[in-house]
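Novice: The structure is given below, and queries will be raised subsequently.
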Amino acid sequence: MSNNLQVYPGVAMVVFNEKKQVLLQKRADVGLWGLPSGHVEPGETVEEAAIREVHEETNLQIRIKKLIGVYSEPTSQIFHYPDGRTVHFITTCFLAEVIGGELRWQSNESLDVQFFTIDQLPTDLLPMHPCWLKDALADQERAFIR
């Protein structure tokens, strides 16, 4: 592994609306669609990070419903950014529900935010996000560890 590889604690959130559509964000850094996600700031819990990231990226307020899984597999969790950074994320993925706010993108991290039906997702999704969504839809009581 490269000496410039950084390890970050990450969070991702699967958020469904009342129509059972999933919330996706078109990321400004890579131009791809994905679940709202980000990394944990110093002094913050993973739950606090999840709530903050969704609000920053979508203007929605959420409540965490359950843990979907923890993902660390290098083949899907090492991410090469266009600016040359390489990050290995250890991502905690949650199922969440909207409790307030109005959907809009409000940061330089997003190009767009929308709800999509499961059978009509954009084709340009981040590679690891379909697995997280599949795990969320499995409706399994026990969390996944991948």
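Novice: With only Lys, Arg, Asp and Glu charged, each at its Cβ (+1 for the first two, -1 for the last two), find how big the charge dipole of the range 90-146 is about the Cα centre; round to the nearest 20 debye. The partial results should precede the final answer.
Specialist: On the way: 4 positive and 9 negative charges, 40 e Å.
Result for the range 90-146 is approximately 200 debye, rounded to the nearest 20.
Novice: Rounded to the nearest whole Å³, what is the per residue volume of the convex hull around the Cα atoms of the range 65-146?
Specialist: Numbers: hull volume 10.5 nm³, N = 82.
Here the figure is 128 Å³ per residue.
Novice: Oh, and also: Between R85 and T123, what length comes free when the chain is fully extended (0.36 nm per residue of separation minus the Cα-Cα distance, one decimal in nm)? Mind dumping the intermediate values first?
Specialist: Working: separation 38, 0.36 × 38 = 13.68 nm, distance 2.48 nm.
Contour length minus the Cα-Cα distance gives 11.2 nm.
Novice: What spacing in nm lies between the two simple spin-label points modelled at Q21 and Q114, each 7 Å away from Cα in the Cβ direction?
Specialist: 0.9
Novice: Where does the Debye-calculated log10 I(q)/I(0) of the range 5-140 sit at q = 0.19 Å⁻¹, using only Cα point scatterers of equal weight, no solvent?
Specialist: Those come out to -1.14, one per q.
Novice: Additional query: Please get the size of the charge dipole for the range 1-55, origin at its Cα centre, with Cβ charges of +1 on Lys and Arg and -1 on Asp and Glu, quoted in debye to the nearest 20. Working shown, then result.
Specialist: On the way: 5 positive and 7 negative charges, 72 e Å.
That gives the range 1-55 a dipole magnitude of about 340 debye.
Novice: Projected onto the charge dipole of the range 5-140 (+1 at Lys/Arg Cβ, -1 at Asp/Glu Cβ, origin at the Cα centre), which of G10, H55, L125 gives the Cα projection farthest towards the positive end?
Specialist: Working it through, the farthest residue towards the positive pole turns out to be L125.
Novice: OK, next. Mark the label point 7 Å from the Cα of E141 along Cα→Cβ and return the residues of the range 51-73 whose backbone N is within less than 20 Å of it.
Specialist: 65-70
Novice: For the peptides 36-45, 75-84, what is the packing order when you average, over each peptide's residues, the other Cβ atoms within 10 Å and list the highest mean first?
Specialist: Numbers: 36-45: 15.4, 75-84: 11.6.
Result, highest mean Cβ count within 10 Å first: 36-45, 75-84.
Novice: Could you give the Stokes-Einstein D for the range 4-62 in µm² per second, using the C-alpha Kirkwood radius, 37 °C, 0.692 mPa s?
Specialist: Details: Rh = 12.3 Å.
Reported coefficient: 266 µm²/s.
Novice: So what is the relative contact order of the range 30-80, in percent, for Cα pairs below 8 Å that sit 6 or more residues apart? List each step's numbers first, then the result.
Specialist: Working: 24 pairs, mean separation 11.5, N = 51.
For the range 30-80, the relative contact order is 23 percent.
Here, each number is a calculation from the coordinates, and none is a lab measurement. Keep in mind it's a predicted model, so treat the numbers as computed, not measured. Methodologically, a virtual Cβ is constructed for each residue, glycine included, from the backbone with ideal geometry; neighbour enumeration extends over all protein chains shown.
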